[in-house]
1. Quick one: what are the phi-derived ³J(HN,Hα) couplings along region A:23-36, Karplus 6.51/-1.76/1.60 with θ = phi - 60°, whole Hz, x for glycine and proline?
2. Using only C-alpha atoms and all pairs of different ones, pull out the Kirkwood radius for the protein assembly as shown in Å with one decimal.
3. To the nearest 10 square angstrom, what accessible area does B:Val387 show with a 1.4 Å probe?
4. Please report the carbon-and-sulfur percent of the accessible area for chain A; probe 1.4 Å, protein heavy atoms only, DNA, RNA and ligands left out.
5. Which net charge results when you count Lys and Arg as +1 and Asp and Glu as -1 among the other residues whose beta-carbon is under 11 Å from that of B:Tyr75?
6. Run the numbers on region B:71-87: which residues show a drop of 50 Å² or more in accessible area, chain on its own versus all protein chains together, using a 1.4 Å probe over heavy atoms?
7. What helices in chain B pass both tests, a Cα length along the helix axis of 27 Å or more and a mean Kyte hydropathy of -0.5 or higher, using whole DSSP H runs?
8. On a 24 Å Cα-Cα criterion, which of the cross-link pairs B:Lys287/C:Lys63; B:Lys151/B:Lys187; A:Lys18/A:Lys508 come out too long?
Amino acid sequence: MFLRQREPLIFERSVPGKRGMDLPRLDVPEARDTRPGHLRRGGFDALPEVSEVDVIRHFTRLSKWNYGVDDGIYPLGSCTMKHNPRLNERVAGLPAFTDSHPMAPEALVQGNLELVYTLQAWLQEITGLPGVTLQPSAGAAGELTGVMLIRAYHLSRGAQRRVILIPDSGHGTNPATAAMAGYDVVELPSQPDGTISFADVTDPTSGKVRKGLQTLVAELGPEIAGAMITNPNTVGVFEYRFKEISDLLHSVGALVYMDGANMNALIGLARPGDFGVDVMHLNLHKTFSTPHGGGGPGAGPVCCAEKLRPFLPVPVVVRETEEVREGKGTAHTYRWDWDRPQSIGKVHTFFGNFGILVRALTYCLSHGSDGLKAATLRAIVNANYIRVRLQGAYALHIDSPSLHEVVFSDTLQAKHEVHTLDIAKRLIDHGYHPPTIYFPLIVPGALMIEPTESEGKEELDAFCDTMLEIAREAEEIPAALHHAPILAPLRRLDETTAARKPVLRWQKPAVLPA
Amino acid sequence: MRYLPSSPVEDQALLDAIGVPDAEALLKGIPEPLRLRRELELPTQSAEQEVAWQMLAMANRNTRFCAQFLGAGAYDHFVPSAIDALVSRQEWFTAYTPYQPEISQGTLQHLFEYQTLICDLTGLEVTNASLYDGGTSCVEAALMAVRVAKKRHTVLVSRGLHPLYREVLQTNFAPHAELNLIEVALKDGVTDLADLQAKLSGDVAAVLVGYPNFLGAVEDLAALAGPIHAAGALLVSVTQEAFAFGWLEAPGRVGADMACGEAMSLGNKPSFGGPFLGFLAVRDAHKRELPGRVVGQAKDLQERLGYVLTLTAREQHIRRDKATSNICSNQGLVTLRANIFMQLAGPDGLKGLAAQNAAKAQFLRQRMLELPEMEAVEDQPFFNEFVLRYRGDYSALEAACLQESLLPGLDLGRYYPEYQGCILWCATELHSRSMIESLVETLARVPATV
Amino acid sequence: MYPADTKYTRNHEFLRPLGDGTALVGITSYAQEAMGDVVFVDLPEVGESFGAGEEFGTVESVKTVAEIFLPSAGEVIELNSELEAHPEYINEDAFGKGWLIKIRLAGELNPELLDAAAYEQLVAEESH
């Protein structure tokens, strides 16, 4: 997988006069220069002069320093790194989709509107929530949209609520989102099993008391706009008192937001709309197999209850059904409805990451209702298989049943001065991408593993065998782990100096080295 | 199901190892009353062939065109073949975020190069690994300017900024009761200097100006920078057509303190508006307030050069409610497309393509003005988009164009009432002379209004 | 173990009165160890005033950012200018060359401050 030689920066390959692109012949007169002098483009300091061969070699070699989902298991908890079907890429690349213009009149992009409508219908049925927007570009964007819906709802009722409750196990985007939406964050403590605590929790060392859900709702009542809850939670456990939590919040007029990052454990088994969720987001780049692309693009659709529908972003797709035509089935036309006076506005310039929506719908059509449910069940079986194979060698911080992911702690290895970071880096030496580490914060030295449904038993066994091998290494040769990775193209990097003296771009050397 | 590794033999082996009779036994954590006890009311699974056919039929319900003369934030450019070929490598498109640097040097080095080139195009010193799109980049820029300014709460936005960017700004500013967004008027198709000066105050943190603006006009940033800086505010240039950086001077060199906008033109098709590529470049002094992921150089234990995500303390996974933004991802693969494009083009390619765009647009405008129904509006320098008044009926024009498989420019009155009856046209290097002539001939044949 | 001439807060800041109505303020050696390598410090401007317990800046390490709160009310009269180039001074010598700001004390010293012995006990409890 890894290439031996280091591929330099492309700037170091630049040779004056080389070109990677030929321009077509200009078949119209040259442009008259109407630019004011000072606004004329001067030069460029970094754009390289290289040939197409240079560029192809450069990015081919660089790619060999990456690890992809096709290389093997990507056991990242909460990331759902499942297989990216190639059919999805083929469909997303159809010119009829890629050439379509977002500002074209809607009569001319009926296929796209139909796609939006159809994907929304799938997500409605999957979540049990009738309102949908596909505009948010990522999970975090979806969270912000969802919280803004909550805000708009309360404002429409003349209420100025200032607090959002968030469990301490929540993903960092949750409090960041609440703050961006103008709310104060109040933290909900977790119980030892990782779920939200209704009762107050006393810290055994400091004696400090952290107020539980019951107390906070009693004290803050009408100041609470809502709560943001991940379910299953970030340790892979279902919030079994979810309906009670939802009822309690609803009783003071607060709304329930569900972070849908872990939907891979629920599709076909339970629907958030049925257990008290008012609004939620989904991550298409997790549950719905759209590719991670080295960090994006994602998509974070938001689904909501009827009472939040008026506030959804504009425009909203509407289907007009025409007469059933003899032998040709029902004809539909679609249009955008921009006349939504209570809408929060727009959260994306156009309609969202459309190319990602195409992939997600293709995924849905391939799996179907039965395939989606089978995938959920297999994801849960796979995670439990890993749990059973590793639980002797690694400490299970929380004993509750795991759904689609399992969280271990480094307590057993800490005895040999080996920590989660070392285990993660050693996995790289064995040819694997590490699992999620140090998240959630409520588990010390968390090692969160989510295999997804894509992994066959052979792959799971190979991974588990490696993890057991590393546990043995931790006991017998801890030094190997402290220095890991040893076999990767680079050893551990000095992130401290990178942050103290940031170098964030290449610059032409001012003086040639002697 | 072809994507699931299930078989009766394997399924049983897993269940036996776990010690349960069936998968249902693993679901005890979900309370029974909350379980869905019916199948999802959706079609059942389909073979690849069936899905491919269904999606192709759906795609074919879009109208196809020989030429699209519509810009307005999504530009039709030629995409070099090397881009699709490289980006389809699984190591690029299936890879995760580069949190584990030792196993992600490909992505990290690419992003470092990308950041370098965005700084080069904008003439500024620091940029991130991208934001979602042009509209949301304006939001991040405006909020960042407010953080940098510390005690100022107003952001001025030129009316020449893309109308949908302005809507996204409104939506995202609404929850911040203490912040104000105020529009600056246009005069002769560019930001009205007098109105700007009237609205500049000690409470203004930043002014956002299109460069070029939505009407296609080249705004003189240097002229605007003077009064803006005198008032202690930051000038933010917003570029929705990245090819303009091959034609116009880098914003950072003509007075902009921050540059944001849309870079989809670098290696992407219009794609119905997404996924696109937002960018935000700033001065070094402000780098700790920059939202989004940032890649930096680092040395490993053997002093070898590598790349890491850095300045992460600003981001949501550490800072939580005090983060610079809640942004957790970047546009990943779209930055790769842009990086490859910029490297293939090089300085001559970017300048050459820009010159061609300008030439095509000027030619289109000149030929259109030969039609009696078309009238010049303002006389501002433009890049590849311009506005003309059409004395005829837009729907008749549109129908005539569709008949010839041509997508006309934007009916501007919908977004700018003061430009009722005007059309925003765009021409790029993709539009051959014969396509342009074909468009003009088509317009010439549109029946005159009664 | 901890300097006797210094006062401490429960949030791991220290304050050392200099005898002339001014005091040095910083974070303790225990705090820097918990944070890891310090990469950046965000300090207020000279002339700003804060009350006891009010946030006056942040200390950023690779893995976290910590708000720092003023142990006792005062006005900022000097900043440790070395920290911009050398944030590592906080790790190397938190009580000495890693000092953050110097203040002119306003009014009485905050009575809730801990002395060295009480702080040592707090650290012992937290280290469990």
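The values are calculated or read from the model by the stated rules, or taken from the named source; none is laboratory data. Please read all numbers here as calculations on a predicted model, not as lab measurements. FYI the Cβ positions are ideal-geometry reconstructions off the backbone, even for glycines, and counts take in every protein chain you see. Protein only, heavy atoms only, side chains kept; ligands, DNA and RNA dropped before computing areas. Shrake-Rupley method; radii C 1.70, N 1.55, O 1.52, S 1.80 Å.
1. 8, x, 5, 7, 9, 10, x, 4, 5, 6, 7, 9, 6, x
2. Details: mean 1/r = 0.0328 Å⁻¹.
Kirkwood radius, the protein assembly as shown: 30.5 Å.
3. 10
4. Using a 1.4 Å probe with all protein chains present, chain A comes out at 50 percent carbon and sulfur.
5. It works out to a net charge of -4.
6. B:Leu86
7. Taking the DSSP H segments of chain B (at least 27 Å long, mean hydropathy at least -0.5), we get B:333-368.
8. B:Lys151/B:Lys187
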